[in-house]
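To start, the structure under review is shown below, and the notes come after it.
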Amino acid sequence: LALHFTIMSLLLLLGCFSTFAILVRSESLYAVDTTFPKVPFPTYAGTYSAVAVGAGDELFVSQRGGMNEPIMVLSKTTGSYLRGFGSEYISRTKGPNATTGGHGIAINPQATPKGSELWINDFGDHTVKIVATDSGKLEKTLGEPNQPGARLTPLQFGNDAMTAFKEDKAFVADGDGGVNHRVVALDISKPVTNDSLVWAVNGTNGLDFSSPHGIGYHARSDTVLVSDRGNGRFVQLEANTGKPLDTSNAGGLIGPDIVTIWSVRVYEKENYVVTAADHSPTDGISQSILVFDGSSITSTGLGNLKLLANVTIDSKECLTPHEVDIDQTNGDIYVCCVTKPQSTMQRLRLTQLMTA
């Protein structure tokens, strides 16, 4: 104990308090919010694959499998069911842990009015479906339904997994175990079509993708971050050209035990990079949500990413944390766990916001 206070005093004397604060936050920045949901999630839910934080009190949750409502809208406050849609246009199959349906979903923040457009990565028929968030009406389908392929014009997808956005572009991680292992960028400055391709990249110079699974846009550096599932790492791309810039092997971030990085999103206000990861350590803790300090990320590289939080997800309650999204108003992290019987959703909250 005396040694602890001596070290702390030295840090203060050396003017290093900010560094010390980062070390403290690595253990206490976020925690699983055990008060959520306040009511049980719908019992008829399929496998929870992805979540998108909507406007107001709405959460959009994609269910894979043969459910009658592939997209559920839940309350952010309580977790209670509000409405559902998608049965007439989202692919469905029966069976436990079925993979068809909305693999990834994302709110297009550039749509007018804001929050009015949901992009659904339909894993079953290899398309991106654009849907009105208020009515659930299908507005547009990108790709060629039930025809996986690598064609760029007009565009085909192959097991497209997730979408992210900047002001004038949509970025699609295309190829979670399918015929493609690439990221494509689409022009959304005007009505998007299958001929709206800006660039497509598989990666070069050792940055080749293996099942790009998640994707996020880092606005401060104007770069795209890809969770390269098969290679257990992040890959950074230039947003305007798709040029590969940098890679950070996951094992090099917090140790050699990480085997899969499933997702990546950015909390813009605090510049946090958030992902879900699987581990293989000797202590049996096998899955967690990782929060990194994104301040080292520039337009030319990832820099020295610092880990701010490593929050264990209990596999007995939530198995295989899959895709995440972040409430940009308060930093809440929502994660869908995709493997039954523990397929559900959890919320992580900044500990300074937690209440008893």
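The values are calculated or read from the model by the stated rules, or taken from the named source; none is laboratory data. On a predicted model such as this, the values are computed, not experimentally measured, just so you know. Cβ coordinates were reconstructed from backbone atoms using ideal geometry, including for glycine residues, and neighbour counts include every protein chain displayed. Remember, those area values only see protein heavy atoms, side chains included, never the ligands or the DNA or RNA. Shrake-Rupley method; radii C 1.70, N 1.55, O 1.52, S 1.80 Å.
Quick check for you: which residues of segment 261-277 have the amide N under 18 Å from the point 7 Å beyond the Cα of Leu307 toward its beta carbon?
Inside the label zone: 261-265, 272-277.
Pop a pseudo-label 7 angstrom from the Cα along the beta-carbon direction at both Ser210 and Lys114 and give the gap in nm to one decimal.
Output for this residue pair reads 4.1 nm.
Apply the Karplus curve 6.51 cos²θ - 1.76 cosθ + 1.60, θ = phi - 60°, to the phi angles in segment 335-344 and return the couplings in whole Hz, x for Gly and Pro.
Here the 3J(HN,Hα) series is 10, 9, 9, 9, 9, 6, x, 9, 7, 7 Hz.
In nm, to one decimal, how far is the Leu353 label point from the Glu268 one, both placed 7 Å along Cα→Cβ?
1.6 nm
Going highest first, how would you order 132-141, 145-154, 270-279 by mean Cβ packing within 10 Å?
270-279, 132-141, 145-154
Going 7 Å from the Cα of Ser189 along its beta-carbon direction, which residues of segment 143-180 have the amide nitrogen within less than 15 Å of the resulting point?
Within reach of a label on Ser189: 166-170.
Suppose the chain between Thr300 and Glu317 were pulled fully straight at 0.36 nm per residue; how much longer would it get relative to their current alpha carbon spacing?
2.1 nm
Leaving out ligands, DNA and RNA but keeping every protein chain, what accessible area does Ser295 have, in Å² rounded to the nearest 10, with a 1.4 Å probe?
80 Å²
Can you pull the one-decimal nm distance between simple spin-label points at Thr339 and Asp168, each 7 Å off the Cα toward Cβ?
That separation, rounded to one decimal, is 4.4 nm.
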